[in-house]
Amino acid sequence: MTIGYCSDTRTRDRTSGEAVIVKRRASGAAHAQAQPRTPAPSRLRILDALDNLSRATAIRAAVARASAVARANIAATPSIGYESLRNEQRRVTRGSFRSSCFPVQVGRDRNHETQQHAVLKEAGMPHIEHADLVAFADDKVNLKKDEIGDQRDQFDRLQDKIEAKISSTPGYGLVKTLHSGSVAKGTALRNNDDRDLAVYVEAEQAPDDTPGLVEWVRDRVVEAYPILGDDQIVPNTHSVTITFVASGLKVDIVPVLYKGEPDDVGYLINKDSDKPLRTSVRQHLDFIRDRKKVHPVHLAQLIRFTKWWARLQKKRDSDFKCKSFMIELLWVHRKQSEGFVTLGDTR
């Protein structure tokens, strides 16, 4: 009796996980039976080679399709040039084949990655190296200290004015201020002119309604910094925004109801429900800073890269939602539960 093997008859037993070969009679009868069988090592190598070849073929086909689509997309505007063609090709190619031809488990294999890089190089699409990420982060993503000198001075003067008023005026109603937000955490993006200043308010003196609370905080800030014009300090729904025209700096002053709890615990007004939300600016800052000490380079940079991506999504889709605090928690969780991802060349 002759036994034939076909690619569509090779499968695995669900219980044992062993390879199963479906045997068909030489007569061509419909009778078939499955027997557990472990392929020889040489056969496994052949199967792996065929898998690799099929992936490489699929990638080349996807690159060719992407090139055709990219050329069609910019055909109407030839003045865009070669670089735009490359960018469009990258965009189309990523969406068309990367997830299907290189699943996660394959992407973690060094041999498959080397093969992928070779195919991309052959197609004229450069592989992104660590040096490229560093240069891109420095040029497009990271907020540099030497670029925000004037804004830092203006922010510090505002905070000092309010703190001085708190110290010199009993019954002022404000308790303390804390620099909050991404700049304070060291995860801010470039071209970010916004700063956050949490103002702790004596809960017993604050108005009960949110609009009244915001107006009350605005009046307290004007008392501390009277040179601000009416057009520079504007009450919003849940905060007060101060704008410095010369530098473009915008400071959001966010009231935090303070009831004397330790560790700077207070209550924000929830933007969706107008109900008090228990929080601590100090603990938020310590949470990120403590983890940055363990990973002084990669944690903050990965957070910034992800925030930069989220910013792009928001520009494309106004309904897209991705909180910066959620991005921070996701990367910290990855570090604690699965081991940390670095941006280095080594693996």
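The values are calculated or read from the model by the stated rules, or taken from the named source; none is laboratory data. Everything numeric in this text was worked out from a predicted model, so none of it was measured. Cβ placement follows ideal geometry from the backbone for every residue including glycine, while neighbour counts extend to all protein chains displayed.
Within the range 241-347, which helices (runs of 4 or more DSSP H) (wholly inside it) include 1 or more residues that are small (G, A, S) and under 30 Å from Y225 (Cβ atoms)?
324-338
Could you say whether any residue in the range 241-253 is in contact (Cβ under 8 Å) with a residue 24 or more places away in the chain and under 20 Å from the mean Cα position of the chain (by Cα)?
No.
For the range 219-261, name all the residues that are buried (at least 18 other Cβ atoms within 10 Å of the Cβ) and polar (S, T, N, Q).
The one that is buried (at least 18 other Cβ atoms within 10 Å of the Cβ) and polar (S, T, N, Q): S239.
So which of L285, L302 is at pLDDT 90 or above and closer than 20 Å to A198 by Cβ?
The match here is L285.
Go through (1) farther than 14 Å from V240 by Cβ; (2) in contact (Cβ under 8 Å) with a residue 40 or more places away in the chain for D132 and report which single condition fails.
For D132, the exception is condition (2).
Exactly one of (1) at pLDDT below 95; (2) under 35 Å from the mean Cα position of the chain (by Cα); (3) more than 24 Å from A310 (Cα to Cα) is unmet by I162. Its number?
Just one mismatch for I162, condition (1).
Please work out if V217 is outside any strand (DSSP E or B) and in contact (Cβ under 8 Å) with a residue 24 or more places away in the chain.
Yes.
Among the residues of the range 148-160, is there at least one that is in contact with a helix residue (DSSP H, G or I) (Cβ under 7 Å, 6 or more places away or on another chain), in the same structural domain as G266 (by TED's automatic domain parsing) and of a type in the set (D, E, K, R)?
There is no residue in the range 148-160 that is in contact with a helix residue (DSSP H, G or I) (Cβ under 7 Å, 6 or more places away or on another chain), in the same structural domain as G266 (by TED's automatic domain parsing) and of a type in the set (D, E, K, R).
Check the range 261-276 and report whether any residue there is in contact with a Phe, Trp or Tyr (Cβ under 6 Å, 6 or more places away or on another chain), within 23 Å of K165 (Cβ to Cβ) and of a type in the set (F, W, Y).
Scanning the range 261-276, I find no residue that is in contact with a Phe, Trp or Tyr (Cβ under 6 Å, 6 or more places away or on another chain), within 23 Å of K165 (Cβ to Cβ) and of a type in the set (F, W, Y), so the answer is no.
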